[in-house]
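Structure record follows, encoded as structure tokens.
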Amino acid sequence: MDNPVTVEVNIEETLQQDVEKILGCLGLSVDQAIALFYEQIAKHNGLPFQSDDCNGETLETFTATDRGDDLVVCEDADDMFSRLGI
């Protein structure tokens with residue numbers, strides 16, 4: 001592993017305990033599971049699973065952009081910021 005970093009997260013204690021039991025049964029440490037999760041996010045360029053938390057508008061937007069609909073191509077960062085009005 002090149003230059004490992006420390007990742008800190010705050011979660012409920014019961015969730016931590018439950019997850020550590022499950023990971024133990026799978027033969028994974030918390031560090032290994034988090035590294036695997038990060039690798040999958042990088043591989044998929046997003047979450048490696050469908051999130052049920054997205055509302056209809058968000059899902060519709062994701063679907064449209066995946067098809068290439070309603071995309072705006074900017075020449076550079078300045079052009080993008082100008083189009084965004086910032």
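Each reported figure results from applying straightforward, stated rules to the coordinates on display, with no laboratory input. Note that the structure is predicted; figures quoted are calculated from it, not measured.
Could you give the angle, 0 to 90 degrees to the nearest 10, between helix 30-44's Cα long axis and the longest principal axis of the Cα atoms of the chain? Computed tilt is about 20 degrees. Against the chain, whose longest principal axis comes from its Cα atoms, helix 13-26 is set at around 80 degrees. Pairwise alpha-carbon distances in the chain exceed 19 Å for 65% of all pairs.
Estimated from helical segments only, the mean residue ellipticity of the chain at 222 nm is -18000 deg cm²/dmol, where each DSSP H run of four or more residues counts as -39500 (n - 2.57).
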